[in-house]
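Below is one structure; the comments refer to it alone.
The values are calculated or read from the model by the stated rules, or taken from the named source; none is laboratory data. On a predicted model such as this, the values are computed, not experimentally measured, just so you know. Note that each Cβ is placed from the backbone with ideal geometry, even for glycine, and that neighbours are counted across all protein chains shown.
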Amino acid sequence: MLTMMFNLSLCVFLFPCVKKKPSKQLRFPGRKSSKTPESKEMFAGENGLEGDPRLKAIKEAIRVVPHFPKPGIMFQDITTLLLDHKAFKHTVDIFVDRYRNMRIDVVAGCEARGFMFGPPIALAIGAKFVPLRKPRKLPGEVISEAYTLEYGTDCLEIHVGAVQTGERAIVIDDLVATGGTLCAAIRLLERVGAEVVECACVIGLPEIQYYFSAYSHDRPTRVLNPVSDYAAYSNACTFAGTKQAKWNAVVHAY
Amino acid sequence: MMQAISLLNFSKPSPLFVAPFQRRHCPSIAGAAAPISHLHRNRCQSYRISVPPLSCSGTVQQQEMASDDGQDSRISRISSAIRAIPDFPKPGILFQDITTLLLDTKAFRDTIDLFVERYKDKNISVVAGIEARGFIFGPPIALAIGAKFVPMRKPHKLPGEVISEEYALEYGTDVMEMHVGAVESGERALVVDDLIATGGTLCAAIRLLERVGVQVVECACVIELPELQINLL
């Protein structure tokens with residue numbers, strides 16, 4: 001059953017997972033009965049941060065803008081979060097608390113909203129910040145990774161030499177929907193030899209609870225804010241337009 | 001009068017000769033004075049800047065931030081961490097790449113610290129960052145000084161109601177947007193970007209903020225291009 005009620009779940013962390021075959025029953029999130037038990041751990045509010053008042057403040061600071069960028073989409077706007085200094089600080093603190101002792105060498109942020117959250121986290125945990133950018137923005141030698149959008153494709157690039165083999169990395173973005181961008185980010189980092197420990201997003205759309213794509217990569221992603229706007233995002237389940245792109249949300253305890 | 005302040009004094013000579021320097025008028029707000037501080041001055045002997053002047057008048061002065069012994073070591077490390085990429089985005093341009101600065105955790109930390117030390121007691125309530133590299137430096141500064149962060153974006157990126165400001169490029173124009181309601185009249189703001197060249201982008205940001213009644217206290221950039229002496233009549 002579709003619902004327009006928003007129940008933002010914040011701080012989504014996707015954990016390392018075992019790949020599961022997607023089930024057609026999981027196509028439409030919102031049916032709580034079909035939610036995998038492990039997926040509960042993906043959301044900070046359900047794992048370790050239950051009742052944390054910071055999550056409420058963060059959630060309330062995010063606004064929804066209807067019909068952007070196109071009709072039917074309810075856009076999760078984090079710019080209002082950035083205007084609330086305390087809530088913005090809470091957001092960064094929650095991620096820093098999680099990653100400061102995980103020996104993270106690299107924080108990779110996806111252009112452009114990942115640039116707002118990634119650097120403060122990187123600075124606080126003593127990691128380097130690596131921007132993952134749209135084509136032809138990075139001036140030096142780059143490698144590129146194409147990924148599929150709902151309509152068409154896009155591309156992410158990373159500087160050659162930014163990351164060393166064996167470095168432990170996290171990927172930051174403001175929101176995860178189908179995970180296409182994060183998948184491209186993971187592939188880029190792995191191509192240069194990094195170990196992607198986790199992906200962290202402020203907002204997670206409900207599908208991420210059920211689907212965890214990444215082709216053959218099952219990388220953890222943690223979301224601060226799951227969103228329960230099923231009506232707007234139900235069609236986001238078809239990542240890449242192929243059934244293979246369904247995400248299997250399998251999370252195990254860490 | 002708009003004042004540009006340089007935080008960093010970069011004295012690495014560039015072997016690349018691209019074109020004779022040309023001074024250009026820099027747009028500013030009539031009657032408005034917004035200092036610009038930059039961390040890094042590229043002393044490349046020849047750097048071509050060919051942005052046509054805008055119609056408004058004013059004066060921009062650039063200064064380097066005062067440095068003492070304690071800052072010198074930080075600044076030289078920041079300076080060394082920035083790399084120059086020739087012929088990007090097009091032949092003849094020597095691009096100042098801050099991504100290597102972001103890989104040096106201490107230098108990146110020092111960059112932010114230098115700005116925070118300068119602005120923390122200036123009652124700044126707004127840090128406006130210019131897409132996209134201003135998004136990397138602005139938020140850490142905003143968080144440290146207790147200000148809100150406002151992204152200034154290219155067209156059609158901000159989801160809510162926006163106001164727009166057009167500005168000149170070397171060829172053609174571009175548009176910068178800011179959310180309506182992000183800032184309030186009377187607030188004191190800082191504009192942050194990685195680099196100032198002609199100042200066209202910063203001027204557009206200043207105009208946007210001033211249109212909604214904000215006082216732009218200063219503009220802060222990591223890098224200043226050397227010949228950017230923007231003095232108007």
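If B:Thr198 satisfies all but one of (1) touching a His at 6+ places or on another chain (Cβ under 7 Å); (2) assigned to a loop (DSSP other than H, G, I, E, B), what's the number of the condition it fails?
The single condition B:Thr198 does not satisfy is (1).
Scan segment B:149-166 residue by residue and report those that are assigned to a strand (DSSP E or B) and in contact with an Asp or Glu (Cβ under 6 Å, 6 or more places away or on another chain). Steps first, please.
Step one: filter segment B:149-166 for residues assigned to a strand (DSSP E or B), giving B:149-153, B:162-166.
If the condition is that a residue be assigned to a strand (DSSP E or B) and in contact with an Asp or Glu (Cβ under 6 Å, 6 or more places away or on another chain), then B:Arg153, B:Val162, B:Ser164 are the ones that fit.
Would you mention how many residues in segment A:184-193 are out of contact with any strand residue (DSSP E or B) (no Cβ under 6 Å at 6 or more places or on another chain) and buried (at least 24 other Cβ atoms within 10 Å of the Cβ)?
Residues meeting the conditions: 0.
Which members of segment A:137-154 meet the condition of being at pLDDT below 95 and over 14 Å from B:Arg83 (Cβ atoms)?
A:Ala146, A:Tyr147, A:Thr148, A:Leu149, A:Glu150, A:Tyr151, A:Gly152, A:Thr153, A:Asp154
This table checks each residue for (1) surrounded by fewer than 16 Cβ atoms within 10 Å (Cβ to Cβ); (2) over 24 Å from B:His156 (Cα atoms); (3) not basic (Lys, Arg).
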| site | (1), (2), (3) |
| --- | --- |
| A:Lys56 | yes, yes, no |
| A:Arg63 | yes, no, no |
| A:His67 | yes, no, yes |
| A:Lys70 | yes, no, no |
| A:Phe75 | no, no, yes |
| A:Thr79 | no, no, yes |
| A:His85 | no, yes, yes |
| A:Val92 | no, yes, yes |
| A:Phe95 | no, yes, yes |
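Filter segment B:101-148 for residues that are over 23 Å from B:Met178 (Cα atoms) and among the β-branched types (Val, Ile, Thr) and give the result.
B:Thr105, B:Thr111, B:Ile112, B:Val116
What number of residues within segment A:69-94 satisfy the criterion of being of a type outside the set (Phe, Trp, Tyr) and part of a helix (DSSP H, G or I)? Don't jump to the end; show me each part of the working.
Taking segment A:69-94 as the starting set, the residues that turn out to be of a type outside the set (Phe, Trp, Tyr) are A:69-74, A:76-87, A:89-94.
So of that shortlist, the ones also part of a helix (DSSP H, G or I) come out as A:79-83, A:85-87, A:89-94.
Summing the residues that are of a type outside the set (Phe, Trp, Tyr) and part of a helix (DSSP H, G or I) in segment A:69-94 gives 14.
Of the residues A:Phe95, A:Phe88, A:Phe115, which is of a type in the set (Phe, Trp, Tyr) and within 18 Å of A:Arg168 (Cα to Cα)?
Residue meeting the stated conditions: A:Phe95.
A:Thr238 fails exactly one of the following numbered conditions: (1) modelled with pLDDT of 60 or more; (2) surrounded by fewer than 21 Cβ atoms within 10 Å (Cβ to Cβ). What is the number of that condition?
Going through the list (1) modelled with pLDDT of 60 or more; (2) surrounded by fewer than 21 Cβ atoms within 10 Å (Cβ to Cβ), A:Thr238 breaks only (1).
For A:Ile143, only one of the following conditions fails: (1) crowded, with 19+ Cβ neighbours inside 10 Å; (2) farther than 15 Å from A:Thr181 by Cβ; (3) not aromatic (Phe, Trp, Tyr). What is its number?
Unmet for A:Ile143, out of (1) crowded, with 19+ Cβ neighbours inside 10 Å; (2) farther than 15 Å from A:Thr181 by Cβ; (3) not aromatic (Phe, Trp, Tyr): (1).
B:Ala182 is checked against (1) closer than 28 Å to A:Lys70 by Cβ; (2) touching a residue at least 60 places away in the same chain (Cβ under 8 Å); (3) assigned to a loop (DSSP other than H, G, I, E, B) and fails just one. What number does that condition carry?
Result: B:Ala182 fails condition (2) only.
Does B:Arg109 satisfy the condition of being at pLDDT 55 or above and more than 15 Å from A:Gly140 (Cβ to Cβ)?
yes
Need at least 2 residues that are within 25 Å of B:Glu218 (Cβ to Cβ) and either more than 9 Å from chain A (Cβ to nearest Cβ) or among the aliphatic types (A, V, I, L, M) (or both) per element, so show me which strands (runs of 3 or more DSSP E) inside segment B:68-134 make the cut, counting only ones lying wholly within it. It would help to see each step written out before you state the result.
Numbers: elements: B:83-86, B:94-97, B:126-130.
So the answer is B:126-130.
Among the residues of segment A:79-94, what is the count of those that are more than 8 Å from chain B (Cβ to nearest Cβ), under 18 Å from B:Ile141 (Cα atoms) and among the hydrophobic types (A, V, I, L, M, F, W, C)?
Of the residues in that region, 2 qualify.
For segment A:95-120, give me each residue that is assigned to a helix (DSSP H, G or I) and aliphatic (A, V, I, L, M).
Pass one, segment A:95-120, residues assigned to a helix (DSSP H, G or I): A:95-99, A:114-120.
Correct list: A:Val96, A:Met116.
Which one is farthest from the other protein chains (Cβ to nearest Cβ) among residues in segment A:103-112 that are surrounded by fewer than 24 Cβ atoms within 10 Å (Cβ to Cβ) and in contact with an Asp or Glu (Cβ under 8 Å, 6 or more places away or on another chain)?
If we take residues in segment A:103-112 being surrounded by fewer than 24 Cβ atoms within 10 Å (Cβ to Cβ) and in contact with an Asp or Glu (Cβ under 8 Å, 6 or more places away or on another chain), then A:Asp105 is farthest from the other protein chains (Cβ to nearest Cβ).
Quick one: in segment A:57-68, of everything that is of a type in the set (Val, Ile, Thr) and either part of a helix (DSSP H, G or I) or touching a helix residue (DSSP H, G or I) at 6+ places or on another chain (Cβ under 7 Å) (or both), which residue is farthest from the other protein chains (Cβ to nearest Cβ)?
Per the stated criteria, the residue is A:Ile58.
For every residue, the table says whether it meets (1) crowded, with 24+ Cβ neighbours inside 10 Å; (2) touching a helix residue (DSSP H, G or I) at 6+ places or on another chain (Cβ under 7 Å); (3) of a type in the set (S, T, N, Q); (4) more than 9 Å from every other protein chain (Cβ to nearest Cβ).
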site: B:Ile141; (1), (2), (3), (4): yes, yes, no, yes
site: B:His156; (1), (2), (3), (4): no, no, no, no
site: B:Gly160; (1), (2), (3), (4): no, no, no, no
site: B:Glu170; (1), (2), (3), (4): no, no, no, yes
site: B:Met178; (1), (2), (3), (4): yes, yes, no, yes
site: B:Val192; (1), (2), (3), (4): yes, yes, no, yes
site: B:Cys203; (1), (2), (3), (4): yes, no, no, yes
site: B:Glu210; (1), (2), (3), (4): no, no, no, yes
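Given the criteria of a type outside the set (D, E, K, R) and either in contact (Cβ under 8 Å) with a residue 40 or more places away in the chain or closer than 30 Å to B:Leu94 by Cβ (or both), does A:Ile125 qualify?
On the way: of a type outside the set (D, E, K, R): yes; either in contact (Cβ under 8 Å) with a residue 40 or more places away in the chain or closer than 30 Å to B:Leu94 by Cβ (or both): no.
For A:Ile125, the condition - of a type outside the set (D, E, K, R) and either in contact (Cβ under 8 Å) with a residue 40 or more places away in the chain or closer than 30 Å to B:Leu94 by Cβ (or both) - is not met.
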